[in-house]
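This report concerns only the one structure given below.
The values are calculated or read from the model by the stated rules, or taken from the named source; none is laboratory data. Keep in mind it's a predicted model, so treat the numbers as computed, not measured. In this analysis, Cβ positions are derived from the backbone assuming ideal geometry, glycine residues included, and neighbour counts consider all displayed protein chains.
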Amino acid sequence: MAGALVLAGCAALPAPPAVSAPVPPQWQAALPHQGSLSDLGQWWQLQGDPLLAELVAAAQAVSPTVASSRSRIEQARAARVAAGAALLPSLDASASLSRGRSQQASAEGLVPVVTTTQAGLQAAWELDLAGGNRAGLDAATQRLLGADARWHEARVSVAAETANQYYSLRACRELAGVTRLDADSRQETARISSLSREAGFTAPATDALARASAAEARGRSTRQAALCELDLKALVALSGLAEPDLRQKLAPAQVQQAQAAMFSVALIPAEVLAQRPDVFSAGRDVAAASADVGSAQAARYPALGLSGAIGLAGLRAGGSSVTLDTWTIGPLALSLPLFDGGRRAANADAAQARYAEAAALYRASVRQAVREVEEALVTLQSTGARQADAQAAVDGYTAAFTGTEALYNNGLASLLQLEDARRTLLAAQINRVTLAQERQAAGVALYRALGGGWTPALAPLQATADAP
């Protein structure tokens with residue numbers, strides 16, 4: 001035992017090197033601090049659209065990704081309980097009862113029936129000399145924390161996907177209205193052109209151009225309506241709501257609004273990264289891999305185990321009884337790994353390699369998080385700056401088209417001039433709707449890049465070993 005303690009004292013397991021993932025001291029893109037600031041976790045409710053918040057909640061409730069992540073939390077919690085049990089003694093109970101005839105006859109020449117009863121308790125405890133079991137518990141704790149963070153990440157991802165699909169449907173319906181009005185306008189021009197041709201004031205080629213333009217517009221409007229149907233069915237699949245119910249909820253006319261509330265972004269990127277569940281989970285993976293290295297290294301050192309037992313036994317035969325009770329403490333067993341063909345060393349090397357992989361993935365997740373926030377900020381600022389220009393373009397092209405249409409109706413402009421004015425107006429209207437959707441998508445991307453309101457304080461357990 002003294003030798004085992006000496007060997008255990010020599011088994012001071014070196015920790016893997018610390019992991020550093022430098023981040024910039026400040027954001028390079030402009031921050032969206034204009035207007036009212038809202039809580040990131042309640043952002044959907046503050047957008048002034050109750051249907052959006054309802055769809056997000058419904059999608060999170062039926063998402064298989066969220067359900068799978070919740071199941072992984074339960075698995076990780078069970079694994080942590082099992083890892084903690086390795087540090088405690090184990091106790092097993094046993095009992096048996098048997099009856100049979102003895103081979104020896106009694107003095108009267110009878111062969112007695114022997115009844116044997118046994119009961120006992122068996123205890124065993126492995127003394128964690130090298131800290132392998134403690135390292136296993138630390139690894140399981142870190143994986144539980146990471147599983148909880150990944151559940152939040154799944155919920156944020158589903159919310160973002162649902163919001164983008166909803167905004168896509170709204171934009172599609174607005175575009176459908178634009179193309180429908182354009183088709184009606186072209187159809188009216190074709191009708192007037194046909195009357196003018198019949199009266200001999202318009203050439204057949206010009207009338208054919210008007211009819212072709214109307215047909216093209218009808219086809220564009222039909223295609224846009226079909227795209228809206230596809231978006232609707234995708235939203236039904238995401239939310240799990242019945243299609244008739246969703247159609248009824250979408251029936252009221254939607255008024256295009258600017259983003260009702262914008263959340264604040266911390267000036268220091270490190271504060272933002274602390275709100276990212278994926279970065280937090282990657283850090284927990286590093287800590288778990290570090291603990292796995294300790295567990296694998298501990299397997300190369302001596303192991304000491306202690307066992308004991310208490311047994312009760314009784315024999316009854318021919319009216320007489322015999323009691324045979326026993327108890328033992330020990331053995332105190334020492335296991336010394338001498339030769340295993342390099343298996344334990346290979347396991348330690350593999351654990352070290354997994355730690356290096358986890359560290360690399362952690363650094364990559366930090367860089368990706370910074371990139372996603374920067375890109376969302378740039379897109380949000382760009383779309384905001386272009387909104388006024390897009391509206392001004394629509395207003396200008398609308399006035400130009402109205403004037404050209406009046407000239408055409410009075411015979412002072414050609415159909416080609418009218419179609420050109422109509423084409424530029426349609427392009428401007430489509431650009432305005434597309435830009436509004438792009439800005440909404442940028443807001444959703446920033447919501448997702450900032451972690452969706454999650455904070456490590458929501459984790460169910462405090463980490464026993466922080467990730468470097």
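Values for this structure:
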{"item": "Residue in segment 182-197 that is part of a helix (DSSP H, G or I) and out of contact with any helix residue (DSSP H, G or I) (no Cβ under 9 Å at 6 or more places or on another chain) present", "result": "yes"}
{"item": "Restricting segment 256-269 to residues that are crowded, with 18+ Cβ neighbours inside 10 Å and touching a Gly at 6+ places or on another chain (Cβ under 6 Å), the residue that is modelled with the highest pLDDT", "result": "MET262"}
{"item": "Yes/no for ARG150 being within 30 Å of LEU52 (Cβ to Cβ) and either part of a strand (DSSP E or B) or free of Cβ contacts under 8 Å to residues at least 60 places away in the same chain (or both)", "result": "no"}
{"item": "Selection within segment 386-410 - outside any helix (DSSP H, G or I) and of a type in the set (Asp, Glu)", "result": "none"}
{"item": "Residue check, THR434 modelled with pLDDT of 90 or more, in contact with a helix residue (DSSP H, G or I) (Cβ under 8 Å, 6 or more places away or on another chain) and farther than 30 Å from ILE192 by Cβ", "result": "yes"}
{"item": "Among residues of segment 369-381, those that are under 18 Å from ALA160 (Cα atoms) and surrounded by fewer than 16 Cβ atoms within 10 Å (Cβ to Cβ), counted", "result": "2"}
{"item": "Residue within segment 381-402 that is of a type in the set (Lys, Arg), out of contact with any Ser or Thr (no Cβ under 6 Å at 6 or more places or on another chain), within 22 Å of LEU209 (Cβ to Cβ) and modelled with pLDDT under 95 present", "result": "no"}
{"item": "Which listed residue is outside any helix (DSSP H, G or I) and surrounded by fewer than 17 Cβ atoms within 10 Å (Cβ to Cβ), from LEU334, LEU361", "result": "LEU334"}
{"item": "Some residue of segment 231-240 being outside any helix (DSSP H, G or I) and under 37 Å from the mean Cα position of the chain (by Cα)", "result": "yes"}
{"item": "Conditions (1) under 32 Å from the mean Cα position of the chain (by Cα); (2) touching a residue at least 40 places away in the same chain (Cβ under 8 Å): number failed by ALA353", "result": "(2)"}
{"item": "Any hit, segment 246-255, residues being among the hydrophobic types (A, V, I, L, M, F, W, C) and modelled with pLDDT of 90 or more", "result": "yes"}
{"item": "Selection count where residues are crowded, with 17+ Cβ neighbours inside 10 Å and in a helix (DSSP H, G or I), scope segment 270-318", "result": "24"}
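A quick yes/no check of all residues on (1) touching a strand residue (DSSP E or B) at 6+ places or on another chain (Cβ under 6 Å); (2) modelled with pLDDT of 90 or more; (3) part of a helix (DSSP H, G or I):
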| residue | (1), (2), (3) |
| --- | --- |
| THR65 | no, yes, yes |
| SER68 | no, yes, yes |
| GLU108 | no, no, no |
| GLN118 | yes, no, no |
